[in-house]
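K.L.:
Below is one structure. I have some questions about it.
The values are calculated or read from the model by the stated rules, or taken from the named source; none is laboratory data. As the structure is a prediction and not an experimental result, all values here were calculated from the model. Glycine also receives a Cβ, built like all others from the backbone with ideal geometry; neighbour counts cover every protein chain displayed.
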Amino acid sequence: MTVRSRPYAGDADFWRMRDLLIRAESGLPVGLNWDVRRLDGKRFYNADAAADDLRARPVHLWERAGDLVGFVLPEGRGDAHLQIHPDDRHLEEEMIAWALAHLAAADEDTGRRVLDIYVMEYDALRQRLLADLGFVKRAQWGMIRRIRLGRQPLAQPRLAPGYTLRATRPEAWAECAAIADLLNAAFGRDFHTAAEYQNFTRRAPCFRPDLDLVAVAADGALAAYVGIPLDEANRRGIFEPVCTHPDHRQKGLAQALMQEGLLRLRALGAVDATVDTGDMLPANRLYESLGFGEAYRGWTWQALI
């Protein structure tokens, strides 16, 4: 059957994109497609509950007889992310060509157009396609880790004296503001808001209030935060974000929250969990110590046009 492509047209397409990620997961290695939390974030992590940021992005879909088999979307300026059904990887050359034509952005230093595509180290097919099209592997890398929750022992959390562990309270505006402040402090940002966090908790299908955990200091301040969205269909927990306020680091708070999260995931019937670490070596050491022993590295490939 003929495969046709077209632009993203709204919410009906979002749900089909999300369904593709869920259906494709079992047939692909870890990290080749996005997890559902990442797509949910693009749609629902927004201060304006009525806004659809995907409509403002040049998102493109590939369909066969009305069945969605792949899509491409940017996350930032001058990048492209390919999401594909495992039976349709032969479409990737066409998808990359579309990205080159529509997503490349001007480089301020050279004046040339640039496109970045992140590729897993195990993905020989996509690396060959990119090399043939003139992409070059860059030094920038990241990593996704997985833990299987089968029969291995899981540690009980131990919080430092003076701290308590509980689920978040996203219906309370003050709590949402405190989460936003914690995210900004932990990641050195200034753009997180109470509204975007609350909207995500109310609207994203992957959000589970019992898996959204904080460590609270003796004075009531939120000291650490671990969110664990759940892909219910694939029974997978997704640790995102994992962070500690700079004033409360080196106390094992994030580790304790993750340990509690793993116990809760197992009790819910989850079979595995992932965490995207980027290139942060201390974070990788923490996750490995918690049992996230499977590690899959990826690299940015870049084209100059």
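K.L.:
Does region 47-94 hold any residues that are part of a helix (DSSP H, G or I) and more than 30 Å from Cys176 (Cα to Cα), and which are they?
P.N.:
Correct list: Pro86, Asp87, Asp88, Arg89, His90, Leu91, Glu92, Glu93, Glu94.
K.L.:
Out of region 116-128, which residues are within 18 Å of Leu73 (Cα to Cα) and among the hydrophobic types (A, V, I, L, M, F, W, C)?
P.N.:
Those that are within 18 Å of Leu73 (Cα to Cα) and among the hydrophobic types (A, V, I, L, M, F, W, C): Ile117, Val119, Met120.
K.L.:
In addition: Which of the residues spanning region 61-92 are within 21 Å of Trp34 (Cα to Cα), surrounded by fewer than 14 Cβ atoms within 10 Å (Cβ to Cβ) and in contact (Cβ under 8 Å) with a residue 40 or more places away in the chain?
P.N.:
Asp87, the sole residue that qualifies.
K.L.:
I've got another one for you. What is the one condition in (1) crowded, with 17+ Cβ neighbours inside 10 Å; (2) modelled with pLDDT of 95 or more; (3) not basic (Lys, Arg) that Leu54 does not satisfy?
P.N.:
Every listed condition holds for Leu54 apart from (2).
K.L.:
Residue check, Thr244 against (1) over 18 Å from the mean Cα position of the chain (by Cα); (2) farther than 26 Å from Ala177 by Cα; (3) hydroxyl-bearing (Ser, Thr, Tyr), all met but one. Which one?
P.N.:
All conditions are met except number (2).
K.L.:
Give just the number: which of (1) under 16 Å from the mean Cα position of the chain (by Cα); (2) in a loop (DSSP other than H, G, I, E, B); (3) within 14 Å of Ala204 (Cβ to Cβ) does Arg38 not satisfy?
P.N.:
All conditions are met except number (2).
K.L.:
Give the residue that is surrounded by the most Cβ atoms within 10 Å (Cβ to Cβ), with candidates limited to residues of region 265-305 that are out of contact with any strand residue (DSSP E or B) (no Cβ under 8 Å at 6 or more places or on another chain) and either in a strand (DSSP E or B) or modelled with pLDDT under 95 (or both).
P.N.:
First, pick out the residues of region 265-305 that are out of contact with any strand residue (DSSP E or B) (no Cβ under 8 Å at 6 or more places or on another chain): 266-267, 269, 280-282, 285-286, 289.
Remaining after also requiring either in a strand (DSSP E or B) or modelled with pLDDT under 95 (or both): 280-282, 285-286, 289.
Numbers: Met280: 12, Leu281: 10, Pro282: 8, Arg285: 11, Leu286: 18, Ser289: 12.
Here the residue is Leu286.
K.L.:
Then there's this: Mind listing whichever residues of region 185-206 are closer than 21 Å to Arg166 by Cβ and surrounded by 16 or more Cβ atoms within 10 Å (Cβ to Cβ)?
P.N.:
Ala185, Ala186, His192, Ala194, Tyr197, Gln198, Phe200, Thr201, Ala204, Cys206
K.L.:
Still on this structure, I have one more. What number of residues within region 247-264 satisfy the criterion of being surrounded by fewer than 15 Cβ atoms within 10 Å (Cβ to Cβ) and among the polar types (S, T, N, Q)?
P.N.:
Result for region 247-264: 1.
K.L.:
Would you confirm, using the coordinates I've provided, whether Ala254 is outside any strand (DSSP E or B), within 26 Å of Asp79 (Cβ to Cβ) and of a type in the set (A, V, I, L, M)?
P.N.:
Answer is no for this residue.
K.L.:
So in region 65-114, with the set limited to residues that are at pLDDT 95 or above and of a type in the set (Val, Ile, Thr), which one is farthest from Ala131 (Cα to Cα)?
P.N.:
If we take residues in region 65-114 being at pLDDT 95 or above and of a type in the set (Val, Ile, Thr), then Val69 is farthest from Ala131 (Cα to Cα).
K.L.:
Residue pairs, Cβ under 6 Å, 6 or more apart or interchain, first in region 141-168 and of a type in the set (D, E, K, R), second part of a strand (DSSP E or B). List them.
P.N.:
Arg145/Val275; Arg145/Ala295; Arg146/Asp272; Arg146/Thr274; Arg146/Glu294; Arg148/Asp272
K.L.:
Right, here's the next one. Quick check on Arg169: is it under 28 Å from Thr201 (Cα atoms), surrounded by 18 or more Cβ atoms within 10 Å (Cβ to Cβ), in contact with a helix residue (DSSP H, G or I) (Cβ under 6 Å, 6 or more places away or on another chain) and charged (D, E, K, R)?
P.N.:
Spelling it out, it is not the case that Arg169 is under 28 Å from Thr201 (Cα atoms), surrounded by 18 or more Cβ atoms within 10 Å (Cβ to Cβ), in contact with a helix residue (DSSP H, G or I) (Cβ under 6 Å, 6 or more places away or on another chain) and charged (D, E, K, R).
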